[in-house]
1. Nearest 5 percent is fine: what portion of the DSSP beta bridges confined to the chain is antiparallel?
2. Mind sorting out which of [x] 113, 58, 46; [y] 111, 74, 45; [z] 90, 85, 55 is the real Cα extents along the principal axes in Å computed from the coordinates?
3. Using alpha carbons only, how many degrees (0 to 90, rounded to 10) separate the axis of helix 330-339 from the longest principal axis of the chain?
4. If eta is 1.567 mPa s and T is 4 °C, what Stokes-Einstein diffusion coefficient results for the stretch 265-373, Kirkwood Rh from Cα pairs, in µm²/s?
5. Just report the Cα centroid separation between the stretch 360-419 and the stretch 473-552, whole Å.
6. Quick check on the stretch 268-396: of the DSSP beta bridges with both residues there, what percent are antiparallel, nearest 5%?
7. With each label point set 7 Å from Cα along the Cα-Cβ vector, what nm distance links Lys752 and Ser622?
8. Taking Lys691 as the anchor, which lysines have their alpha carbon closer than 22 Å to its alpha carbon, excluding any fewer than eight residues away along the same chain?
Amino acid sequence: MKRFIILANLILGVLLCSCNRNELTEDGQYGYLFVGVSDSPDVDVQVKSGDEDEEIAYKVEVIDENGNVDYTVDDHRTITGEPVKLLMGKYTVKASNGSEASVFNTPYWAGENSVRIYAEKDATVKINCTMKKVKFSVGFPEEEEFTSKFKSYELKVTSGEDVLTFSSSPAADDPSQGSFADTAYFRVPSDGILKYTLKMINTDGAQYSETKEIPNVSAAQHYHFEFKLGEREEIDGALVLNVMLDGEYKKEISHDILLNFDKLAMPSYSHNDEFDPEADGIVYPLGNAITKKMIFNAPRKIKSLVISHLDANLLEAGLPQVLEFVNISEERRQIATDLGIKFTEVTEESVSAEIDITDFIKNLPISPDNEPYAMAFTVIDSHNRYARCDFEFAIVSDIQAETVSAFPWSGFSILKGRFFSKTAPAGVTFQYKKKSDADWTEVPSDKMNVDLNTLTYTYLLNGLDVNTEYVFRATSDKDKADGKTAGEIEFRTFASEGTVYNLSFDDWVKVGKAWYATSNSADVTNGLIWDSANEGTSDILGQSLVPTTPEETIKISGKAVRMESGELLGNFAAGNIYTGDFGSATISPVGAKLKWGTPFASRPLALRGWYRYEPVAINRTSSAYSHLNGQTDFCQIQIFLTTWSEQFEISTGDNRFVDTSENNPEIIAWGGIVSQDNTTDNEGNVNGYVKFTIPLEYRNLNQPTYIVISGAASRYGDYFTGGLGSTMYLDELELIYDPEELTPEEFKIVMKNIY
């Protein structure tokens, strides 16, 4: 039965934007996690966990965005009703019971889900825990008539690299062996194939074995093999067993298995001396021409001779999944010839055959992603006995370093190469140039970022011109000495490093009672780059409030923007500024309509600037945020890029705001900070200002159309919540395009979702 874990009441506040957890230290940034469990008995699944009435104890882990386990408990039942204190942020919640490994008699239930935790706001996550393994059980005849003829028998089952064996005499100290009364639970094979080998030894010591495959295997499936003795007769010295398989196949399948214990008459294969297809870790350089020939013998005549595989790369190279050589058709003969596969003519009267794959291997491309090719040779005789040779091999470059890809930005590109040895070759590096130039520039080899797990290396190439075509290639000391060069890859840097008008906040104009961050009063009518709530609060029923104004004294340079939260006609109004246009004030419901965003087509890495904040206690709240009353107010700065076709209309009265979560595909990149700190209390600050950098966390590489930059003295001002008199200043903002201006941690934030 499927199990469900409900993790309820993750109590944290709803954030307009996420925050950097490392910067948050106040209790107002925490919430509480409550854990509970419920079952869904009406869900039908194929695999059961044992006693259906047994309550399962689940291990629960709460993991933050950086992969840190913030909380764990081995038995969820021990903390029922007990809250766990957590910081705001995005978490992955995992629940599991059992072992992930392929083992006997131990199932594995697991599930996970993600949740974003907001300050002072409840959140709920539901975990659907399902069986993650494949169940396999076996029944064998217990009749004396059978057991007296065979001194041992086993069924070996393989899932990927995992092997478990059902045996008539399992070794007591070997966990990979079990009896036929045991149940095996396998990790799901990556290729979806379970392989099983039936091996039997009679009382005379002669052995028989057969291997088959089960395709399309997935989790929560139960495969039960019931081997039953049917009618038997002697045929050419062979014992005929009717093997019937039931279980999840939904029908009875009968196999006639011929057990011929004449060893000399069994089919077999061999190969030329220079070629060993069964060796481990076979690697051939590109274009290798060593003879690779297989020789097959079947004294009882060849019924079938095939090359088979389930390799997508071999399929792309043109090799059919099954290539039969007995009475080969003209179509298949031509395919084999075109691939360079040579073979002798084989009929059902043949007792021997040869297949030469020398030219086929020679013409294969380099193994993609360093993964080996895999294929098999199988010969079956007229009594359905067979011999099979599994052949895995890699094709590698005849050079040490190979060019893989470029990841271009505006003024930089990440270059990627690979190598084919367990350690990086001496002097492995890159050479690059503008496409129009003749001379190459070589990067110092000690600057390479080498990954021995993937046998790749990368380099961040900075200082490139925008909108320019470049070419690069991989190389090493030996490649240069041998006069060999890797393939070249071209790329073009992005077209521009755009900016936004008046990021310094030096330009201001006053129209009526309201201030605007522009130098031209006509912009107020024709369209603004920057706007605030001033237009809606500067003149209502004879009352006036101008929360956002230029600041010429408390500044970094020139002028700054000053934002002070206030009150007008009994309604709270936060000091703010944003890229976009104020639309109109609304009376019913009370609020305003704002048009956020200004056209923008570049991809900056971060926003940098200076801010000063003087918060007071929150003394004005809406009903939804009454729990914040008395807490220190929050300021907020955020930046994000979008794919909007036009400005986004916010309606504070209708609670219509921009969804900046990862669920919104229109948000390309986002970054922000929230703070309650009074920056004037910190020694060493410049005029009470703190310098900040907000990395943009890119979610995709779609073309931006709009940029939003916003600042607010009261973060929850849109919800009529904040402290009267909370004041924030912003000055000398700039967009960062050079990765060398960021710390490694900041640059990692920018790239973590896209590279």
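1. Working: 204 of 215 bridges.
So the antiparallel bridges amount to about 95 percent of the total.
2. [y]
3. Taking the Cα atoms of the chain, the angle to 330-339 is about 60 degrees.
4. On the way: Rh = 14.9 Å.
In µm²/s, the coefficient is 87.
5. Comparing the Cα centres of the stretch 360-419 and the stretch 473-552, I get a distance of 48 Å.
6. On the way: 28 of 32 bridges.
Antiparallel bridges: around 90 percent, rounded to the nearest 5.
7. 3.0
8. Of all the lysines, those that pass the test against Lys691 - Cα under 22 Å, at least 8 places apart if same chain - are Lys555, Lys559, Lys748.
All of the numbers you see were taken from the coordinates with simple rules; none came from a lab. Please read these numbers as outputs of a predicted model, since none were measured by experiment. Please note: Cβ atoms are built from the backbone with ideal geometry, for glycine as well, and neighbour counts cover all protein chains shown.
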